[in-house]
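Only one structure is covered here, and it is reproduced in the block below.
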Amino acid sequence: MNYRKLGNTDITVSEISLGCEHLQGKDYNTVKTVIDTALDVGINFLDVFMSEPHVRTNIGKALAGRREKVVIQGHVGACWVNGQYKVSRDIDECVTAFEDLLTRLQTDYIDIGFIHFVDKETDWDSLPDSAMMRYVLSLKEKGIIRAVGMSSHDPVTAKKAVESGLIDVLMFSLNPAYDLVPKEQDMIALFDEVLAGKTQDYSALTLENARAELYRTCEERGVAITVMKALAMGTLLSAERSPLGVAMTAAQCIHYALTRPAVAAVMVGLQTVEEVRAAAAYYDLAEEERDPTAVLGGLGMFNASGLCMYCNHCLPCPQKIDIAAVNKYLDLVELDKRPADSVGAHYSALTATAADCTQCGICETRCPFHVAVRERMKHANDLFGK
């Protein structure tokens with residue numbers, strides 16, 4: 001395992017790190033085994049954004065007696081309200097959720113306290129003078145957090161935050177599908193051309209300007225980037241599901257992210273011992289096996305706008321629908337060509353299904369990937385029924 005300094009902080013983290021989101025819903029023994037294996041292979045950096053109580057408790061129990069061996073990203077604003085994950089700016093909810101995180105992780109400090117999910121310029125503009133920012137800065141002054149972070153999917157918003165001097169670490173969605181295509185490109189037309197087998201000259205495709213400016217700004221100011229969505233929730237690993245139209249390997253995705261400016265660590269979502277070991281095997285590969293250039297060169301690429309990344313930032317749903325789960329089951333049928341009957345059994349076991357959707361559209365206002373959630377709920381209901 002290789003390690004990098006986290007920007008201007010005095011914190012050192014493993015290049016390949018553990019995104020814990022997929023541990024939610026797992027039993028304690030699974031959580032402990034995954035964390036044990038992660039530490040065994042040299043991973044020392046964990047992201048815990050999940051607000052669900054049981055996963056927090058399981059992680060804390062698994063880390064008991066060895067808290068000092070890990071660096072933890074914990075999020076302020078990721079709350080559990082009425083039995084659902086909620087992105088909140090209500091200071092009382094945020095304080096309660098952060099104190100709950102400390103208690104359940106059995107710790108009195110979090111290494112990087114992240115202001116959670118800031119994806120619009122207006123979101124950031126209201127933060128510097130907010131009760132949320134005052135709370136986070138007070139945590140740093142008291143030593144309860146060692147550094148201030150922020151998570152975002154939007155390069156323009158993230159750049160404003162970095163330039164403010166208020167944050168030390170940025171958690172950002174980064175992979176070649178997001179990076180390499182200008183926003184003005186007609187992605188649907190481009191994809192249609194690729195599927196039709198038309199030859200195109202993509203040699204001029206370069207890093208999208210806003211993202212390039214963000215990475216340079218982070219590098220210049222010593223603000224570390226910790227990467228989320230490096231595999232685009234696994235879609236980059238499948239030619240049928242990939243926003244690139246071709247399959248990459250996990251090692252190629254990791255290598256791409258680690259070679260971007262200011263990147264300190266790639267948070268890979270791992271949920272089994274085998275996945276942890278496979279991620280760590282990155283270091284056993286020859287350079288040419290890691291290098292994504294051969295895959296990316298000359299390909300028609302489009303971004304992930306409109307594709308569900310199963311991140312659940314669309315929640316809470318007034319009807320308590322697990323929107324990510326519905327989308328995942330829909331994708332299993334449409335993209336992975338699984339039989340609808342077999343997938344439908346899992347879908348029907350959901351507490352609330354797409355049939356419960358009232359088409360209120362609140363979820364769409366929160367989605368960082370501009371997914372047409374209401375349309376997909378209708379489609380899922382037509383496919384699976386009630």
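Computed with a 1.4 Å probe on the full set of protein chains, the accessible area for L350 sits at about 30 Å². A simple rule links phi to the HN-Hα coupling: the Karplus curve 6.51 cos²θ - 1.76 cosθ + 1.60 with θ = phi - 60°, which for region 337-342 gives 6, 6, x, 4, 5, 5 Hz, with x for Gly and Pro. Volume of the convex hull of region 242-386 (Cα atoms only), normalised per residue: 149 Å³.
Leaving out ligands and nucleic acids, note down the accessible area per residue over the chain with a 1.4 angstrom probe, in whole Å².
For the chain, the solvent-accessible area averages 43 Å² per residue.
The Cα trace of the chain gives Rg and Dmax of 20.3, 60 Å, the first to one decimal, the second as a whole number.
Close amide-amide hydrogen proximity is noted between M171 and M150, S151, S152, T226, each under 5 Å apart and 5 or more residues distant or on a separate chain (H modeled in the peptide plane; Pro and chain starts excluded).
At the residue level, R56 shows approximately 0 square angstrom of accessible surface with a 1.4 angstrom probe and all protein chains present. Our coupling estimate for region 108-120, obtained by passing each phi through the Karplus curve with A = 6.51, B = -1.76, C = 1.60 and θ = phi - 60°, is 10, 8, 10, 5, 10, x, 9, 6, 8, 6, 10, 10, 10 Hz, Gly and Pro reported as x. For the residue pairs K61/K159; K5/K140; K26/K320; K320/K378; K32/K320, the alpha carbons lie more than 25 Å apart in K61/K159; K32/K320. Annotation: E121 carries an accessible surface of approximately 80 Å², with a 1.4 Å probe and no ligand, DNA or RNA atoms counted.
Report note on the peptides 31-44, 90-103: ranked by the mean count of other C-beta atoms within 10 Å, highest first, their order is 31-44, 90-103.
Shown here are the Rg and Dmax of the Cα trace of region 1-95, at 14.2, 41 Å.
Each residue of region 214-223 is assigned a 3J(HN,Hα), and the resulting list reads 4, 4, 5, 4, 4, 4, 5, 9, x, 8 Hz, derived from the Karplus form 6.51 cos²θ - 1.76 cosθ + 1.60 (θ = phi - 60°), x at Gly and Pro. Sparse packing (at most 11 other Cβ atoms within 10 Å of the Cβ) combined with a DSSP loop state is found for the following trypsin sites (Lys or Arg not before Pro) in region 90-174: K142. Taking every alpha-carbon pair under 8 Å whose residues sit at least 6 apart, the chain reaches a relative contact order of 16 percent. Net charge dipole, the chain: roughly 740 debye, given to the nearest 20, about the Cα centre with Cβ charges of +1 for Lys and Arg and -1 for Asp and Glu. Taking amide hydrogens as placed 1.01 Å from N in the peptide plane, the amide H of N8 sits under 5 Å from those of A224, each at least 5 positions away in sequence or on another chain. Within the chain, DSSP assigns beta bridges of which about 20% are antiparallel (rounded to the nearest 5). Dividing the mean sequence gap of close Cα pairs (under 8 Å, 6+ apart) by how many residues region 8-58 holds gives a relative contact order of 51 percent. Estimated from helices alone, the mean residue ellipticity of the chain at 222 nm is -11000 deg cm²/dmol (sum of -39500 (n - 2.57) over DSSP H runs with n ≥ 4, per residue). Residues whose amide H lies under 5 Å from that of V266, counting only those 5 or more places away or on a different chain, are I16, S17, V227; hydrogens are built 1.01 Å from N in the peptide plane.
Solvent-accessible surface of protein heavy atoms, probed at 1.4 angstrom with all chains present, puts T226, T107, T12 in the order T12, T107, T226, largest first.
When DSSP beta bridges are restricted to pairs lying wholly in region 1-128, around 40% turn out antiparallel. Normalising the Debye intensity of region 76-178 to I(0), with uniform scatterers on Cα atoms only, and taking log10 at q = 0.15, 0.25 Å⁻¹ returns -0.60, -1.46.
The values are calculated or read from the model by the stated rules, or taken from the named source; none is laboratory data. Everything quoted here is computed from the prediction, not taken from an experiment. Every residue, glycine among them, receives a Cβ derived from its backbone with ideal geometry; neighbour counts consider all protein chains shown. Protein only, heavy atoms only, side chains kept; ligands, DNA and RNA dropped before computing areas. Shrake-Rupley method; radii C 1.70, N 1.55, O 1.52, S 1.80 Å.
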